[in-house]
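Written below as structure tokens is the structure these notes are about.
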Amino acid sequence: MMFVGIAICEPYRSDSMTIYPSTSSCRTHHIDSNGDPVYGQRFKWVLPFHDPGLAPVENFEGSYHITPVGKPAYDVKFDRTFGYYQGFAAVQKGQLWFHIDAQGNRIYPENWDWCGNFQGGFCVVRLNNRMFHIRPDGTKMNENGWTYAGDFRENSAVVRDDFGLCGHIDINGQYLHDQKFIELGVFHKSFAIAKDQSGWHHIDQLGQSLYPFRFENLEPFYNGIAKAVTISGVDVLIDEKGNISPLMGQLNSRKNELISFPLPILEGNVKEKEKQLREQLMFVARHMYKMGYNYTIDGNISHRLSEDKILVSPTGQHLGFISPEDFVVMDKEGNLIDGDRNPTSEWRLHNRIYNMRPDVHCVIHAHPPSAIAASVANVDLGKVFSHYSPIPTTDFALNCTEDTAKVLEPYIKTQNWAILKRHGVVTWANSLFNAFLRLEGLEQSARIVTKANAITEIQPMPESDVQQLFRMWGLDFDSYSTGMRTK
């Protein structure tokens with residue numbers, strides 16, 4: 001069958017878009033838009049057409065490229081051929097790999113152990129267990145090479161050095177920034193995914209994190225949002241500003257159970273909103289228990305209902321078994337408004353935060369073991385761990401007293417979390433989910449630091465690095481250095 005209007009290097013174009021035949025489902029020939037074969041012969045296998053209008057195929061003679069009418073583009077045969085990228089195709093002949101042009105001619109004299117495809121004017125090749133970027137004339141960008149090198153995209157590529165750390169290089173082979181990571185993705189619309197000791201996150205072109213969170217798994221941004229999996233295995237969406245939204249109805253593969261994190265409050269009457277909040281608080285409270293952040297009747301959680309009403313867990317309640325009906329409503333002085341049990345005995349710290357921070361809608365008080373251990377050992381997480389904004393530790397105070405709220409006061413307006421010395425952790429945020437994420441991130445930081453501290457004495461971060469982190473978070477280093485953070 002004749003494919004009308006298509007010839008080598010002059011593919012048919014419609015509305016400025018190149019139209020090529022596609023591969024058949026059996027991968028033995030190519031078909032047109034109606035599903036009809038565009039030529040009569042059949043091959044062992046075929047790959048898609050790429051500019052300049054050629055497709056890799058293989059028959060009993062070997063592997064080569066054909067035109068859209070099924071004719072060979074040149075006379076040479078290879079052991080394996082691949083698609084054309086930026087005018088050149090990778091081929092294999094025996095144990096040798098190299099690139100050819102559209103006429104089947106070698107474009108340089110060098111041979112490699114493996115070849116990639118040209119992207120951004122460079123191609124990745126492998127030789128003697130090293131990877132290099134080469135130019136179309138076969139010359140190497142870097143004579144020493146790398147243990148791994150990726151394709152160029154947006155004028156940069158990912159490389160891995162001899163120490164096993166990844167970085168970004170530019171088209172001159174120079175590092176774009178001085179940040180190194182365990183794993184790293186290529187830049188996509190100015191952002192890349194990166195993995196450090198705490199997990200995955202997004203970075204900008206300076207190698208700086210866009211937000212303080214870390215994830216177990218993470219995808220690149222797609223039109224401003226990306227899917228992520230939290231350290232505890234919950235699927236979420238995160239945007240370029242670090243705002244996080246939960247995904248509902250997901251199966252947690254770790255525990256084989258349905259995780260239902262809170263949705264935004266829907267429109268409706270006051271009673272309907274309160275009903276939704278009770279269910280959401282229950283889900284998060286139970287998840288906190290499953291993650292080991294609370295035991296027995298420890299911990300409490302609350303959410304602002306209105307300017308003068310707060311929905312809160314009751315005193316003596318095991319959060320792992322709490323139900324929506326168990327939550328009670330209190331006023332700003334801790335008086336019971338609705339419910340048959342008294343509010344949590346830590347109601348003072350909840351109300352103190354709500355009174356001082358009108359923007360806060362949720363407060364979580366938990367007892368994660370690693371964070372408490374760090375406070376007992378006088379380990380300042382912010383001085384030894386670089387990935388989170390400052391984590392203050394309060395002076396010691398008796399729990400369930402006014403003193404607990406009082407020692408927390410200095411940090412309420414400037415921070416969003418704190419460790420209560422020898423007691424627990426408090427996080428506060430504009431949403432229930434963000435308050436939980438802060439708890440999760442803080443405990444992950446403490447877990448890493450306490451494990452490292454058990455191996456050897458941890459050296460504090462240099463003051464210059466701490467100052468740089470404070471500038472990144474928009475915080476006042478002078479307040480920190482003069483005692484804003486207590487020992």
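The values are calculated or read from the model by the stated rules, or taken from the named source; none is laboratory data. Everything numeric here is computed off the predicted structure, so don't read it as measured data. For neighbour counting, all protein chains shown are included, and Cβ atoms are generated from backbone atoms with ideal geometry for every residue, glycine included.
Would you point out the residue of the stretch 406-457, among those that are in contact with a Leu (Cβ under 6 Å, 6 or more places away or on another chain) and more than 27 Å from S245 (Cβ to Cβ), that is surrounded by the most Cβ atoms within 10 Å (Cβ to Cβ)? Going through the qualifying residues, I end up with L408.
The residues on offer are G199, G167, G233, G185, and the sole one that is within 17 Å of the chain's Cα centre (by Cα), modelled with pLDDT under 95 and either over 30 Å from F283 (Cβ atoms) or in the same structural domain as A102 (by the TED database) (or both) is G199.
Does any residue of the stretch 380-388 turn out to be more than 23 Å from G334 (Cβ to Cβ), modelled with pLDDT of 75 or more and assigned to a loop (DSSP other than H, G, I, E, B)? Within the stretch 380-388, none of the residues are more than 23 Å from G334 (Cβ to Cβ), modelled with pLDDT of 75 or more and assigned to a loop (DSSP other than H, G, I, E, B). For V186, the stated conditions do not hold, so it cannot be described as surrounded by 15 or more Cβ atoms within 10 Å (Cβ to Cβ), assigned to a strand (DSSP E or B) and in contact with a strand residue (DSSP E or B) (Cβ under 6 Å, 6 or more places away or on another chain).
Pairing residues of the stretch 154-182 that are closer than 19 Å to Q197 by Cβ with residues that are among the hydroxyl-bearing types (S, T, Y) and part of a loop (DSSP other than H, G, I, E, B), at Cβ distances under 8 Å and at least 6 apart in sequence or on separate chains, gives R160/T147; D161/T147; G164/T147. A single entry from D403, D380 fulfils the requirement of being over 17 Å from Y293 (Cβ atoms) and without any contact (Cβ under 8 Å) to a residue 40 or more places away in the chain: D403.
Count of the stretch 80-105 residues, restricted to those that are over 40 Å from the mean Cα position of the chain (by Cα) and either surrounded by fewer than 16 Cβ atoms within 10 Å (Cβ to Cβ) or polar (S, T, N, Q) (or both), is 3. Kindly evaluate A397 against the criterion of being among the hydrophobic types (A, V, I, L, M, F, W, C), over 13 Å from I353 (Cβ atoms) and at pLDDT 85 or above. Yes. Being modelled with pLDDT of 90 or more, in a helix (DSSP H, G or I) and of a type in the set (V, I, T): is that true of I353 here? So I353 fits the description; yes.
Residues that are among the polar types (S, T, N, Q) and over 12 Å from H350 (Cα atoms) within the stretch 402-429 comprise T414, Q415, N416, listed in sequence order.
For the stretch 266-289, taking the residues that are in a helix (DSSP H, G or I) and of a type in the set (A, V, I, L, M, F, W, C), the one that is modelled with the lowest pLDDT is identified as V270.
The condition of being closer than 20 Å to A285 by Cβ and surrounded by fewer than 15 Cβ atoms within 10 Å (Cβ to Cβ) holds for only one of D340, D326, that being D340.
Within the stretch 73-105, track down each residue that is of a type outside the set (F, W, Y) and in a strand (DSSP E or B).
Once the filter is applied, which keeps residues that are of a type outside the set (F, W, Y) and in a strand (DSSP E or B), the stretch 73-105 yields R80, T81, G83, A89, A90, V91, Q92, K93, L96, H99, I100.
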